[in-house]
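Just so you know, all these numbers are worked out from the coordinates, no wet-lab data involved. Only a predicted model underlies this, so the values are computations on that prediction, with no experimental measurement involved. Neighbour counts are summed over all protein chains in view; Cβ atoms, including those assigned to glycine, are modelled from backbone coordinates with ideal geometry.
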Amino acid sequence: MVARHEHYTTRVEVVPPENRETEDGPIRGVVRITTELPKQLLEVFKKPEATVAMNGFAALGSLFSDGTSVYIGSRLTIYEAEDAWRTLHLPLLMFTTIMGAEAILGAVRRTFNNEVYADEPTKWTDDDFQQVKSRLSSFCLCTTGGRGLTAEFGLSEGAVTAAAGHNTALWRLKTDQPHPELGGGLLCVLEMPHLAEKNRLHEICEQLNNMEMTAADLPPHFGAWTEGKLGSNPAYVSFFPNAFHELRGTSPMAVNAAFWAANRAQWANRVLASLGVRA
C-alpha cells in the first residue's frame, strides 16, 4: 500500500520472515512501513551523527539509511499465535502510516524554528503504571512515582540492579515530557549500559536501526536507537501519543511496551556484545 503525503510518500509492505519458526512460535508475516525523505533533506541526514541526533525526537519510527537514501521506518513482526490485529496491530499500523514520518519531521522543524511545542496533557495515569509494575515485578526491579515508572532488566544471570554492580538495562516510562509534534502521551526510554567511543556510537546506533527493519524475530519497532543519557551509550526511544492509550491486544498499551522493551534489551545486549561493545 502507498500513502501519498504532501511532501513525501509512505510505503506499507508485508514481507515473509527470514525464519518462520522461532522460539515464540511461527511468524505469520512482517509489516514494514518506510518513508523516503524529501530530496532537500537528504544531505542533512546522510551523516550518522545527524540521524542519531534527530532520532532523539523519534516517536513511532527511526531515521535509517540504506547507503544511498535516508528513510523513516517502522516494523511489526506478527506471530501466528497472536490475536491482536483489530485491537492493536491495525490501529498501530494505521496511525504510524499517517503520522509516523510527520512526528519526527515536525518535531525537528519545530525545534529548529523555535516554534511552540504541541501542548496536551497525557492520558496515562498512576493506574496504568501500577498495571505495568504488577506484570514486571515477577522478573525485574520496578518502581513507580513522579508520574512515571522505572524498571531494570537484568542482562546476565542473577542481575537485579545496577546499584549492586549488576549488569542491567534501565527502562523508564514518562508522562511529563510531551512530544514536540504529537503532544501528550507516553515516552518510553530504554538505556543500555554499554559504552562506546562517540564516533563509533553513532555508527552502532545506525546499525541497530537498520537491523530493526529486517524481517526477523524481533519485538515491534516503533521508535529509534539514539544517544543515551550517559553520553556514549545507545538508548531506544519511542513515544505513544494519547490516541494509543485505549489500544490493547491482550494487554494495555503500556504493558505491551514494557514487554517489548524487556525483549529488546536482551536482543540489543547480544548484538552489542557481537560488535565488541560490552557493558
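The helix-only estimate of mean residue ellipticity at 222 nm for the chain, built from DSSP H runs of length n ≥ 4 each weighted as -39500 (n - 2.57), is -10000 deg cm²/dmol after division by the residue total. Other residues with beta-carbon under 12 Å from the beta-carbon of ASP24 carry, at +1 per Lys or Arg and -1 per Asp or Glu, a net charge of -3.
By count of other Cβ within 10 Å, fewest leading, how are LEU90, LEU141, LEU190 ordered?
Details: LEU90 12, LEU141 19, LEU190 25.
Starting with the residue having the fewest Cβ neighbours, the order is LEU90, LEU141, LEU190.
When the Gaussian network model of the chain links Cα atoms closer than 10 Å, the mean-square fluctuations of ASN55, ASN167, ASN113 top out at ASN113.
Based on the alpha-carbon gyration tensor of the chain and its eigenvalue square roots a ≥ b ≥ c, which shape applies: rounded if a/c is under 1.5, prolate if not and a/b is larger than b/c, or oblate? Verdict is rounded for the chain. Label region 133-263 by shape, choosing from rounded, prolate and oblate, from the square roots a ≥ b ≥ c of the eigenvalues of the Cα gyration tensor; if a/c is under 1.5 it is rounded, and otherwise prolate applies when a/b is larger than b/c, oblate when it is not. Taking the square roots of the gyration eigenvalues as a ≥ b ≥ c, region 133-263 is rounded.
Cut-off is 10 Å between beta-carbons; in what order do MET99, MET211, MET54, MET1 appear when sorted fewest neighbours first? Working shown, then result.
Values: MET99 19, MET211 16, MET54 23, MET1 10.
Starting with the residue having the fewest Cβ neighbours, the order is MET1, MET211, MET99, MET54.
With θ taken as phi - 60° and the Karplus curve 6.51 cos²θ - 1.76 cosθ + 1.60 applied, the whole-hertz 3J(HN,Hα) list for region 260-272 is 4, 5, 4, 5, 5, 4, 5, 5, 5, 4, 5, 5, 5 Hz, x standing for glycine and proline. Pairs of C-alpha atoms in region 1-158 farther apart than 24 Å represent 53 percent of all such pairs. Amide H contacts of GLY228: ASN233, ALA235, each under 5 Å away and 5 or more positions distant or on a separate chain (H built 1.01 Å from N in the peptide plane; Pro and chain starts excluded). Backbone amide hydrogens, once placed in the peptide plane, bring GLY61 within less than 5 Å of GLY223, excluding anything fewer than 5 places away on its chain. Net charge of the neighbourhood of CYS140, taken over other residues with C-beta under 11 Å away and scored Lys/Arg +1, Asp/Glu -1, is +1.
3J(HN,Hα) along region 147-161, derived from phi through the Karplus expression 6.51 cos²θ - 1.76 cosθ + 1.60 where θ = phi - 60°, amounts to 6, x, 8, 10, 9, 10, 9, x, 9, 8, 4, x, 6, 10, 8 Hz, with x in place of Gly and Pro. In region 30-54, which residues have a backbone nitrogen under 12 Å from the label point lying 7 Å from VAL15's Cα in the Cα-to-Cβ direction? Of the residues in region 30-54, 30-34 have backbone N under 12 Å from the label point off VAL15. Taking a label point 7 Å from the Cα of ALA273 along the Cα→Cβ vector, which residues of region 164-198 have an amide N closer than 14 Å to it? Hits in region 164-198 for ALA273 at 14 Å: 167-169, 193-194.
If each residue's Cβ is checked for other Cβ atoms within 10 Å, how do GLU191, GLU197, GLU49, GLU181 rank with the fewest at the top?
On the way: GLU191 20, GLU197 11, GLU49 15, GLU181 23.
Placing the least packed residue first, the sequence is GLU197, GLU49, GLU191, GLU181.
Evaluating 6.51 cos²θ - 1.76 cosθ + 1.60 at θ = phi - 60° for every residue in region 197-214, the Karplus couplings come out as 4, 3, 4, 6, 4, 4, 5, 5, 4, 4, 5, 4, 5, 5, 5, 4, 8, 6 Hz, glycine and proline recorded as x.
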